[in-house]
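Reviewing the structure listed below.
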Amino acid sequence: MFLSAKRPFYNSTQIMNLTTIAPESYYTFAVRLFGEGGWTIDKSLFMLIYKCFEGYSWYVQTILNRLYETEDNITDKSQVTEAIRDIVRENTMVYQICL
C-alpha cells in the first residue's frame, strides 16, 4: 500500500522495521491470553513455534490464534503440527496463485 506507485498512499509515510519480540516476553504474553480463556500452553511448544518461525510475529500470532480457537490446553506437539497443516491447507490456493 505504501510502496507501490499505483496505490493511493504511495510514499506517504516512512517505512519502519520492527524487530522480533524476545521469546520470554512473548511467552508471558501468550500465557496471559491463553489463561484469560481458561487454557494453558506448554512452554516447550510455544518455544517450538517461536523457533520454527524465527520469532516473526505474524506467523507466531497466526499459529497461536489457531491454537486458541481450539479452546483447549496446548500440551502436545501434534496440536501445533495440526494447526500449521490446517493453515497451510487453507492457503494452498494463495500459494499456487503467487507462483
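The values are calculated or read from the model by the stated rules, or taken from the named source; none is laboratory data. It should be emphasised that the depicted structure is a prediction, and the values quoted were computed from it without experimental measurement. Here the Cβ positions follow ideal geometry from the backbone for every residue, glycine too, while neighbour counts run over all protein chains shown. Quick note on the areas: whole protein, heavy atoms, side chains included, nothing else; ligands and nucleic acids left out. Shrake-Rupley method; radii C 1.70, N 1.55, O 1.52, S 1.80 Å.
At-a-glance table
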{"item": "Residue count, segment 54-90 (criterion: outside any helix (DSSP H, G or I) and loosely packed, with under 12 Cβ neighbours inside 10 Å)", "result": "2"}
{"item": "Residues (β-branched (Val, Ile, Thr) and closer than 23 Å to Asp72 by Cβ) located in segment 1-60", "result": "Thr28, Val31, Thr40, Ile41, Ile49, Val60"}
{"item": "Subset tally (residues that are open to solvent by less than 80 Å² (accessible area, probe 1.4 Å), over 24 Å from Ile87 (Cα atoms) and either part of a loop (DSSP other than H, G, I, E, B) or aliphatic (A, V, I, L, M) (or both)) for segment 6-32", "result": "3"}
{"item": "Tyr50 being of a type outside the set (Gly, Ala, Ser), touching a residue at least 12 places away in the same chain (Cβ under 8 Å) and open to solvent by 40 Å² or more (accessible area, probe 1.4 Å)", "result": "no"}
{"item": "Flag for Gly35 being without any contact (Cβ under 8 Å) to a residue 12 or more places away in the chain and open to solvent by less than 80 Å² (accessible area, probe 1.4 Å)", "result": "yes"}
